[in-house]
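Asks: Following this message is one structure expressed as structure tokens.
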Amino acid sequence: MGSSTSHLSKELLTEYQELTFLTKQEILLAHKRFSDLLPQESRNVEDSLRVRVSTEQILTLPELKANPFRERICRVFSTAPERDSLSFEDFLDLFSVFSDAATPEIKSHYAFRIFDFDDDGTLNKEDLKQLVNCLTGEGQDTQLSTSEMKQLIENILEESDIDRDGTINLSEFQHVISRSPDFTSSFKIVL
Amino acid sequence: MAPSTHWVYTIGNWRTLPSAMSRFPIPEHGVGWCLLCPLLSCADLVDGKRASRKPSPEAEATRDKPRSPSNRKKRTQESRREGKEGGSREIKASTPQRKNNVRRKQREVFGEEEWSKAEKPWNGKRKRDRKASHREQEEAKSKEKHIQRKKEKQLKKHSSSPSVPNSSDEESIAEEEMARIMEQVEEKKQVIATIRNKPWPMVKKLEVLREAQAFVEKFEGALGKGKGKKFYAYKMMMNKKWIKFKRDFNNFKTQCIPWEMKIKEIESHFGSSVASYFIFLRWMYGVNLVLFGLIFGLVIIPEVLMGMPYGSIPRKTIPRAEEEKAMDFSVLWDFEGYIKYSALFYGYYNNQRTIGWLKYRLPMAYFMVGVSVFGYSLMVVIRSMASNAQESTGEGNGDNFTFSFKMFTSWDYLIGNPETADNKYASITTSFKESIVDEQESNKEENIHLTRFLRVLANFLIICCLCGSGYLIYFVVKRSQEFSKMQNVSWYERNEVEIVMSLLGMFCPPLFETIAALENYHPRIGLKWQLGRIFALFLGNLYTFLLALMDDVHLKLANEEAIKNITHWTLFNYYNASMWNESVTRPPLHPADVPRGSCWETTVGIEFVRLTVSDILVTFITILLGDFLRACFVRFMNYCWCWDLEAGFPSYSEFDISGNVLGLIFNQGMIWMGSFYAPGLVGINVLRLLTSMYFQCWAVMSSNVPHERVFKASKSNNFYMGLLLLVLFLSLLPVAYTIMTLPPSFDCGPFSGKNRMYDVIQETIENDFPTFVSKIFGYIANPGLIIPAILLMALAIYYLNSVSKGLARANTQLRKKIQALREAEKTSKSIKANAAVKSLQDTFANNFKNMSQLQTTEEGNKSKSDHQNHPKKKEEGDTKNISSGRGMMLPASLCLAVTKPPGPRSGVAPPGKTQSQLQPPRSSPGRGKGNPGQ
């Protein structure tokens, strides 16, 4: 079983390397990790490329377990119609975007989609509120009060909403992110 | 029924419209007359450039491009982007279930649309598409067949549609088409190369990639007939191989980076800031490895292989008095005995000009290596600083995004440990609260006098501490010199200096932190102060130590003359006596019996080695006791303790990033200072860093929790590097001073017998180079030449500095200009949009109540969402084009929308035109996406 799980075909590997920012080892590792999430009987190569893994199972990965955006990340990268499961290719996409080598542009693009909680293409006040709640954790003691939240969101819009339409769109977002010295080093998940 | 729900939705939406629009003043003129115009002129007005564009067949071809993908893509709708493209362009595909999907898809698309602006192929296509979409049909009809085919080829080249080119095309490859195909192939290759930058799902990317590859493969072979063909194919093959090799090599390279996995593991548990320390450590290890190679390869190994063997001359022999104890561990531990008389220290080297059959000029090599150690270090530090600075160019103007940065970039996605995540939540919350409070009270200052007083007091206390520690070290070093003269001293007395320095290094930083609590600084500023103070402490200690050492050296130098005489006389008497007594030649005096000087260089070297070793031990013991034992205690005693140890008082220790980095930096400073007099020191340091890597990795993973006050990784990197550069410079000073001003010992080291160490260069130039070189050297060394050179450099620096300042100013001005332009554009556009909607309402409200309301709001919604999504891209021209195009187009489409329902009105425009323009409002991607689902 061990040998059969970890052997993707050469052509496929080459294509994946072409299409992602991952190296060969990383792709193989990702495949191994993905296969581990599959039930025993579908751990061969063909199945692992076909079968989808539900979000709940993906979230058991230690790399995602502590991430407040884990559901959003899975949702954004999922290609399933219900957005609730990831195929291996989605999985690779995810780790490609979060890899070291990915460009800041693609990272910020996906960051925007992750932060866009209602999937409407802009970050409005509701999105920002949810974002703050994610960042401050579930605990009561760390939650911000309503007035603080209001103040915070106002400040953020003040800074980033260049066209003053009350929401932050992708290009405004990328404009801000491109100025950040820390973004690319922290928007990273390593298998 | 789908249509009815659709209407309800739009009407509902229309009510919300005015609130969004009311922000902008709505001028009544400018659009109204457009409505009254006949459709034709209106359309012409809308597309001012149309006339100029139309005649060019190329432009038409490109304009026509988007059609084909939409048709093809109708079939494959799994991928979102395709779905969107199809949905936005399709004319008839408004079946109920499609409509339901459309809205959701369109939402996603908004983001993508702007994204695609940044990408050339999509960008161009979209832009043209928007303007030309309403003309598509008409154009499509009027095209002849062969033109159609040509276009199709071009379509394929640009579009990423998953179709394989027709075989009929490749048969009719004419000479002129070859170039075009070549171009296409190149473009496909471009697509292949950049495909990973596209934010598409993998299915889509795979499809595009395969299609592009198939295309390239198919046409690559067909290109170039006869002679050229083989060569071309060969070239392509080599190219492919080369790419594959490059990829493999990259894979190999990443595999070769040491400790990558270890560091990544730490990174995923503790976040990037802790990992930054380990990356720094690894970098340091690399630098030290190079230094080690330099020193061992060029100095120590030649000496060991080719130099005179141990015991041949006095400097390579242990003196008679030390002989019996020379192998004791206690002696060796102090780096005396056999270790002192080994190639690890300066004193062992002979002053022979050349050694061995290679005629290796060892003294010269020794000097040059000493210089190049500093040269290499400087180069490496400055280079990495420069590359760091280049990476973070945006840092300078990021000040006005404090909140946004906190919001969007503060989460460290590498965190995989729930505890760390909790810490991070807490720290993010505090930072939010802090910045809110900062913002609210930025101009409010409470009791400034008290704060000032406290700050002055704190600084005073800290300066007292610094002075005290400096004096303590001076005192201890002085005392140790007395101890060294005495015979039997205890272990403590021998190691007093090192112990005191280590203790100071251990206890002063917490003391400073306590005092700093008085100052009530913002934590970030407080941390900087703290780092600066610890730096000052370490530096002060180091320099006091050096000064005391220098005193010692001067003392030894003063005695040297006397010892030199004694040595001289001993040897003289010995040989003279032997000459006198018998004619039998006495065996030469055993080297161990020759009286010799104290060799201050070796003493200095030994001091540094001891300091380094004790520093290593203290570090390791601190980790073992302070971190590991504490963690064990907390972990296991927690079961039987009165309070919660893990959450309460002792808890687990944090990984002290700044302290560790500073320790590393100062250690490196000592290595730099000591390596000239103790070449073996770098070897010790390499070992230290190696063990430190493993040991600290283990300690962090087993017994630490991350620091609460996090130093962001990328920002701090250059800060560390700056400190390192400072330390490098400061450690260069004493070494340069001793080399330039102190005479070397007369009986040890590679420069013995010379007046100054650097004389070795002069000697080499005079003896080994032709005379003109020495002449040139003499001219160059002339102060008359050096001073102008320095002046020139200073002027050059001044000039470059002012140039860069000017550029920066121009940069900011340009940015401001762009911003202003953008805003102006935005306002004017939205004004137009508003005006259109408003006047429409006024004019047609009575006549076509239901229909007009429905359509207007639809359009209004679309314009609104357009406006929201309108990207602020760098290419101003593009933005202008689009916005002017769209801003003007809106009224036109509105005319159409309202004129359509009542039949009679259509007579205003020529039928052909109407036909072409009636369709698009719902289908063109620019406006069509607001098509509401339910």
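Asks: What are the ³J(HN,Hα) couplings of the range B:555-560, residue after residue, when phi is run through the Karplus curve with 6.51, -1.76, 1.60 and θ = phi - 60°? Round to Hz, x for glycine and proline.
Replies: 4, 5, 4, 5, 6, 4
Asks: Here is a follow-up. If you average the sequence gap of Cα pairs under 8 Å that are 6 or more apart and divide by the length of the range A:104-186, what percent do you get for the contact order? Write down the numbers at each step before the final one.
Replies: Values: 62 pairs, mean separation 28.8, N = 83.
Computed value for the range A:104-186: 35 percent relative contact order.
Asks: Here's a follow-up. Label points 7 Å out from Cα along the Cβ direction at residue A:36 and residue A:100: separation in nm?
Replies: Rounded to a tenth, the inter-label distance reads 2.1 nm.
Asks: Using Cβ counts within 10 Å as a stand-in for footprinting exposure, how do B:515, A:177 rank, fewest first? Each step should come with its number before you reach the end.
Replies: Working: B:515 19, A:177 25.
Ascending number of Cβ neighbours within 10 Å: B:515, A:177.
Asks: Evaluate E = 1/(1 + (r/R0)^6) for residue B:759 and residue B:554, where r is the Cβ-Cβ distance and R0 equals 22 Å; express this FRET efficiency to the nearest 0.05.
Replies: Working from the Cβ atoms, E equals 0.60.
Asks: How shielded is A:123-131 by partner chains, expressed as the average number of their Cβ atoms within 10 Å of its Cβ atoms?
Replies: 1
Asks: Go ahead and run the numbers for FRET between residue B:547 and residue B:817, Cβ-Cβ distance against an R0 of 51 Å, rounding to 0.05. Don't skip to the answer; put the middle values down first.
Replies: Values: r = 57 Å, r/R0 = 1.11.
With a Förster radius of 51 Å, E is 0.35.
Asks: About the Cα centre of the range A:10-97, what is the dipole size in debye to 20, counting +1 per Lys and Arg Cβ and -1 per Asp and Glu Cβ, all else neutral?
Replies: Around 260 debye, computed over the range A:10-97.
Asks: Let me ask something additional. Once label points are set 7 Å from the Cα along Cα→Cβ at both residue B:701 and residue B:382, what is their separation, rounded to one decimal in nm?
Replies: The two pseudo-label positions are separated by 4.0 nm.
Asks: Could you put B:346, B:652 in order, starting from the residue whose Cβ has the fewest other Cβ atoms within 10 Å?
Replies: Exposure proxy ranking, most exposed first: B:652, B:346.
Asks: Can you tell me the relative contact order of the range A:21-125? Whole percent, Cα pairs under 8 Å, sequence separation 6 or more. Mind showing how you got there, number by number?
Replies: On the way: 101 pairs, mean separation 27.5, N = 105.
About 26 percent, as a whole number.
Asks: Among B:671-684, B:785-798, A:115-128, what's the highest-first ranking by average C-beta atoms within 10 angstrom per residue?
Replies: Taking the mean over residues of other Cβ atoms within 10 Å, the ranking is B:671-684, A:115-128, B:785-798.
Asks: If you don't mind, there's one more thing I want to ask. About the Cα centre of the range A:104-186, what is the dipole size in debye to 20, counting +1 per Lys and Arg Cβ and -1 per Asp and Glu Cβ, all else neutral?
Replies: Value, rounded to 20: 200 debye.
Asks: Within 10 Å of each Cβ in peptide A:164-171, how many partner chain Cβ atoms are there on average? Round it to a whole number, please.
Replies: Counting Cβ atoms of other protein chains within 10 Å of each residue's Cβ and averaging gives 6.
Asks: What residues qualify as long-range amide H neighbours of residue B:705, i.e. H under 5 Å apart, gap of 5 or more or another chain, H built at 1.01 Å from N?
Replies: Placed amide hydrogens put B:653, B:654, B:655 under 5 Å from residue B:705.
Asks: Please name which of B:804, B:680, B:734 has its Cα lying farthest along the dipole of the range B:670-829 towards the positive end, using unit charges on Cβ (Lys, Arg +1; Asp, Glu -1) and the Cα centre as origin.
Replies: Projecting each Cα onto the dipole axis, the largest value belongs to B:804.
Asks: Using the Karplus curve 6.51 cos²θ - 1.76 cosθ + 1.60 with θ = phi - 60°, what ³J(HN,Hα) values do you get for each residue of the range B:613-618, in whole Hz, with x for Gly and Pro?
Replies: After applying 6.51 cos²θ - 1.76 cosθ + 1.60, I find 5, 5, 5, 4, 4, 4 Hz.
Asks: Need one value for A:108-118: mean number of C-beta atoms belonging to other chains within 10 Å of its residues' C-beta atoms.
Replies: Working: counts 3, 8, 3, 4, 5, 5, 1, 2, 4, 0, 1.
Shielding by partners across A:108-118 averages 3.
Asks: Given R₀ = 25 Å, what would the calculated FRET efficiency be for residue B:646 paired with residue B:525, taking r from the Cβ atoms and rounding to 0.05? Working shown, then result.
Replies: Details: r = 31 Å, r/R0 = 1.25.
The value I calculate is 0.20.
Asks: Ok, one more. For the range B:723-734, what does the Karplus curve 6.51 cos²θ - 1.76 cosθ + 1.60, with θ = phi - 60°, yield as ³J(HN,Hα) per residue in whole Hz, taken in order and with x for Gly and Pro?
Replies: Computed from phi, the couplings for the range B:723-734 are 4, 4, 5, 4, 5, 4, 4, 5, 7, 6, 4, x Hz.
Asks: How much net charge surrounds residue B:750 when only the other residues with a Cβ under 11 Å from the Cβ of residue B:750 are counted, with Lys and Arg +1 and Asp and Glu -1?
Replies: +2
Asks: May I ask you to sort B:467, B:697 by Cβ crowding, counting other Cβ atoms within 10 Å and putting the fewest first?
Replies: B:467, B:697
Asks: Under 5 Å between amide H atoms, partner at least 5 residues away or on a different chain: which partners does residue A:123 have, H built in plane at 1.01 Å?
Replies: Those qualifying (amide H under 5 Å, at least 5 residues apart or on another chain) are A:168, A:169.
The numbers here are math on the coordinates, done by the rules we state, and not lab data. All values derive from a computational prediction rather than experimental measurement. Here Cβ is always computed from backbone atoms with ideal geometry, including for glycine, and neighbour counts include all displayed protein chains.
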